[in-house]
Amino acid sequence: MPGVREPAAREAGPAAHQHAPLIGPGEPGPFRVVNSQGRARLLLVCDHASNRIPAPLENLGLDELALGRHIACDIGAGEVTERLSQRLDAPAVLASYSRLVVDCNRGLSDPTSILAVSDGEFIPGNQGLDEEQKAERARQFFHPYHDAIRRRLESFERRGIVPAFVAIHSFTPIFKNVRRPWQIGILWDADPRIPVPLMQALRAQGINVGDNEPYSGKAPADHTVDHHAEGGGLPHVSIEIRQDLVDHPDGVARWARILGDALAQILADESLYRRFGEA
């Protein structure tokens, strides 16, 4: 599904290191930044924005049908993130390659960082990887993405700003033969400043909202938010949208509008921009 493209408002990540390059000539860098000059005190991130596999990895041995599944990316999440970036006038950092290459929302020591089998799908190109091969993927994809997020947050800090941090994901309508009723899930742990009013605003519109459903923000798998936002006390939330609602352009536009309107009201609160627990 095509996303909202604003070439003048984004920047590409650097090309991979010259040693054993896994990103082919002419391919995008490991991350991209949308609306880099956005004025909001907010950083948006999308760990699973793309199903792209770098050419040297030869689609990890998968066909197009497999790469179109949720195992390769969070369907619709990248497009919603780009829309929100424009709606809220905020910079956004998006990973350029599939979670199957290396999952940017897992710690590198997590056994699900690089999956040999994902939701029943055998991933030929991920079989039998040694530690050096895994480390090379981390060096060329995982670390550049997280370094880009860190640099953005440091830019806010240099300006004396404690920014809000919002991660966008999507989830499958059915998982392991269980239908998921929620239209959207709000994931959070200890800091209620964004998630609680966001859930209230969405429920007021009759939306079926999952409070730490279908995943929990208290789980260690939520690496990006834990690493960049929670540890530093930044106001934050991780948002999961059901994929059948955003697998088409009209759905992307609708949910970006719903979320954008709700978040804009929350982000207008000046008391939000301080570290959690500070007076």
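The values are calculated or read from the model by the stated rules, or taken from the named source; none is laboratory data. As the structure is a prediction and not an experimental result, all values here were calculated from the model. Using ideal geometry, Cβ is built from the backbone for each residue, glycine included, and neighbour counts are taken over all protein chains shown.
If I go through the range 257-274 residue by residue, how many of them are loosely packed, with under 14 Cβ neighbours inside 10 Å and not in a helix (DSSP H, G or I)? Of the residues in that region, 2 qualify. As a summary of the residue check, residue 233 satisfies the conditions (1) assigned to a loop (DSSP other than H, G, I, E, B); (2) surrounded by 19 or more Cβ atoms within 10 Å (Cβ to Cβ); (3) in contact (Cβ under 8 Å) with a residue 40 or more places away in the chain except for the one numbered (2).
Sub-6 Å Cβ pairs linking a first residue in the range 209-225 that is without any contact (Cβ under 8 Å) to a residue 40 or more places away in the chain to a second residue that is part of a strand (DSSP E or B), at least 6 apart or interchain, are 209/184; 210/185; 212/187; 213/185; 217/187; 217/238, ordered by first then second residue. The residues in the range 178-230 that are assigned to a loop (DSSP other than H, G, I, E, B) and either out of contact with any Pro (no Cβ under 7 Å at 6 or more places or on another chain) or among the basic types (Lys, Arg) (or both) can be counted, and the count is 22. Inside the range 17-50, residues that are surrounded by 16 or more Cβ atoms within 10 Å (Cβ to Cβ), over 22 Å from residue 158 (Cα atoms), over 16 Å from the mean Cα position of the chain (by Cα) and in contact (Cβ under 8 Å) with a residue 60 or more places away in the chain make up a count of 3. Taking the listed residues 72, 138, 55, the one that is within 24 Å of residue 20 (Cα to Cα), hydrophobic (A, V, I, L, M, F, W, C) and loosely packed, with under 14 Cβ neighbours inside 10 Å is 55, with no other qualifying.
Residues that are more than 21 Å from residue 47 (Cβ to Cβ) and in contact (Cβ under 8 Å) with a residue 24 or more places away in the chain within the range 195-208 comprise 197, 201, 202, 205, 207, 208, listed in sequence order. Candidates 82, 58: the one that is touching a Leu at 6+ places or on another chain (Cβ under 9 Å), in contact (Cβ under 8 Å) with a residue 60 or more places away in the chain and not hydrophobic (A, V, I, L, M, F, W, C) is 82. Restricting the first member to the range 111-135 and to residues that are surrounded by 15 or more Cβ atoms within 10 Å (Cβ to Cβ), and the second to residues that are outside any helix (DSSP H, G or I) and of a type in the set (Lys, Arg), the beta-carbon pairs closer than 6 Å and six or more apart or on different chains are 113/106.
In the range 80-100, is there at least one residue being more than 23 Å from residue 34 (Cβ to Cβ), crowded, with 19+ Cβ neighbours inside 10 Å and at pLDDT 95 or above? Scanning the range 80-100, I find no residue that is more than 23 Å from residue 34 (Cβ to Cβ), crowded, with 19+ Cβ neighbours inside 10 Å and at pLDDT 95 or above, so the answer is no. Residues that are surrounded by 20 or more Cβ atoms within 10 Å (Cβ to Cβ) and within 15 Å of the chain's Cα centre (by Cα) were ranked within the range 185-222; the one that is nearest to residue 170 (Cα to Cα) is 185.
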